[in-house]
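See structure below.
Each value in this text was obtained by applying a stated rule to the coordinates, not by laboratory testing. What you see is a predicted model; the values in this text were computed from it and never measured.
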């Protein structure tokens, strides 16, 4: 029997690499894990939406994309159906569904975004404009980490 073992990879929010996919994008993506760091076809990132920020409508041919809201509130649109989202909510988008996320709150919206398989998502993110996570971002991420270790 062939058994394989993947070595665990640990990261702190201070190690995440963040990008705007384009200079005028109103959301940033901080890569936690991607094929370059774990040699698996997955992209796991923290997506941070500025006030009024949104993703453009998009779709993926093969990938399933999930979103878990850490903080803030917004609207998720999938194949024309809108639903309000807030901290604790989860959304799963199947392949080929046209979807977008909009921040409708008065604060930044923080979402864990996971895409499987990667379908070149990590490469798209990394081809964007590198940015830094600021003190507010790190405080939100550290707060959620602290809550999970209590």
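How much mean residue ellipticity at 222 nm does the chain get from its helices, if each DSSP H run of length 4 or more adds -39500 (n - 2.57) and you divide by all residues, to the nearest 500 deg cm²/dmol? The per-residue figure over the chain is -4500 deg cm²/dmol. Among 54, 11, 71, whose mean-square fluctuation peaks in a Gaussian network model of the chain (Cα, cutoff 10 Å)? Largest GNM mean-square fluctuation: 11. Averaging 1/r over every pair of different alpha carbons in the range 33-80 and inverting the result gives a Kirkwood radius of 13.1 Å. When you restrict to C-alpha pairs under 8 Å that are six or more residues apart and normalise by the size of the range 26-91, the relative contact order lands at 24 percent. A P(r) calculated from all alpha carbon pairs of the range 17-137, with 5 Å bins opening at zero, reads 2, 13, 22, 27, 22, 11, 3, 0 percent.
In percent, rounded to a whole number, the relative contact order of the range 24-149 is 30, using alpha-carbon pairs under 8 Å and six or more apart.
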